[in-house]
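Okay, structure first, notes after.
The values are calculated or read from the model by the stated rules, or taken from the named source; none is laboratory data. Note that this is a predicted model, so its numbers are computed, not measured. Glycine gets a Cβ as well: all are built from the backbone with ideal geometry, and neighbour counts include every protein chain shown. Accessible surface is based on the protein model in full, side chains and every heavy atom, while ligands, DNA and RNA are left aside. Shrake-Rupley method; radii C 1.70, N 1.55, O 1.52, S 1.80 Å.
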Amino acid sequence: MTDPSQYVRRREKGARDVTYPPAPERLAVAVYDNHAHLEITDGEGLTLDEQLARAAAVGVHGVVQAGGDIESSRWSAWAAASHPRVLAAVAIHPNEAPAYAAAGRLDEAIGVIDELAAQPRVRAIGETGLDFFRTDETGRPAQFESFEAHIALASKHAIAMQIHDRDAHDAVLQTLERVGAPERTVFHCFSGDEAMARYAADRGWYLSFAGNVTFKNAQNLRDALAVTPRDRILVETDAPFLTPVPYRGRPNAPYLVPLTVRFMAAELGIDVDELSAQLAANTLAVYGEF
């Protein structure tokens, strides 16, 4: 596809409610959505301009748009270059790496990510990492190869790295220790526990919490949040997925970040404005100015 702006993916509707939730109360202190996939349409669908307008109306000042393959990474770079409220992360997702490798195209794909990472508004390599939930053992060598190559790209371009880690905690941590983590390493949609949060905090890594921190069965995430240093906490949607309670299952979007921020503030026992200011400062420390 020659025009990346025309790229779009669609999420399966299934039997769930695909109407967008109502807008929450505006945050007094603006924050940022650290990780979203706005190239994916869900439910009625919102254009990028509509997504950003809804977010701005409730105090979400900007979005880090994440790629997962060549096409979505090109779209992410285009979105960031075209919109002052968007920064981009580009990568080959760990579940995509085996398919590229099987086609003999993994090196080519990583080369594309390398080129995109040189653009001034591409501020992270992501999402990259390991996923042992959706990829079996036959695909894992390609995941490791891709992950290590992405670590090298983040270091080469002196930008952040957003990690996807699903059912692969030990392997991710061991890889980071063996290869050497980039200076600004972010665990996107952190899924570990209190012990892993302490381990990451000891190394100065960032933990990004999504709407699933509000889920009833996610006590491990709330325990992790409680021990994470305030200057290492980020917030994200992973839109259109992981919509926070009470709208779980419906389409997620950056304008719903305030629901998660208020939940996190209550869990931490701090003022919402105080947490918002910290989250905003942390985002800018990781990615730079929008």
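Annotations for the structure displayed:
- Note on Ala53 and Glu12: their simple-model spin labels are 3.3 nm apart, each label 7 Å out from Cα toward Cβ.
- Projecting the Cα positions of Gln119, Thr135, Gly104 onto the charge dipole of region 87-171 (unit charges on Cβ atoms of Lys, Arg, Asp and Glu, taken about the Cα centre) puts Gln119 furthest along the positive direction.
- Cα gyration tensor category, rounded, prolate or oblate, for region 1-80 with a/c compared to 1.5: oblate
- Antiparallel bridges, percent of DSSP beta bridges restricted to region 117-186 (to nearest 5): 0 percent
- Separation of alpha-carbon centers, region 6-33 and region 222-261, rounded to whole Å: 12 Å
- Cα gyration tensor category, rounded, prolate or oblate, for region 124-225 with a/c compared to 1.5: oblate
- Residues within the reach of a label modelled at Ala23 (point 7 angstrom out along Cα to beta-carbon, backbone nitrogen below 11 Å), restricted to region 53-93, are 53-60.
- Region 204-290: trypsin sites (Lys or Arg not before Pro) falling in loop per DSSP and having at most 13 other Cβ within 10 Å: Lys216
- Whether the chain is rounded, prolate or oblate, judged on the alpha carbon gyration tensor where a/c under 1.5 counts as rounded: rounded
- Protection proxy ranking of 192-199, 93-100 - average other beta-carbon atoms within 10 Å, highest first: 93-100, 192-199
- Residues whose amide H comes within less than 5 Å of that of Leu234, counting only those at least five positions distant or on another chain, are Leu207, Ser208, Phe209 (H built at 1.01 Å from N in the peptide plane).
- Virtual spin-label span in nm between Ala158 and Ala103, 7 Å along Cα→Cβ: 3.4 nm
- Loop-located GluC sites (Glu not before Pro) across region 237-289 with a Cβ neighbour count of 11 or fewer within 10 Å are Glu289, with loop assigned by DSSP.
- Note that the chain presents 41 Å² accessible area per residue, ligands and nucleic acids not counted, probe 1.4 Å.
- Sparse-neighbourhood loop sites, trypsin sites (Lys or Arg not before Pro) in region 37-139 - DSSP loop, at most 16 other Cβ within 10 angstrom: Arg105, Arg134
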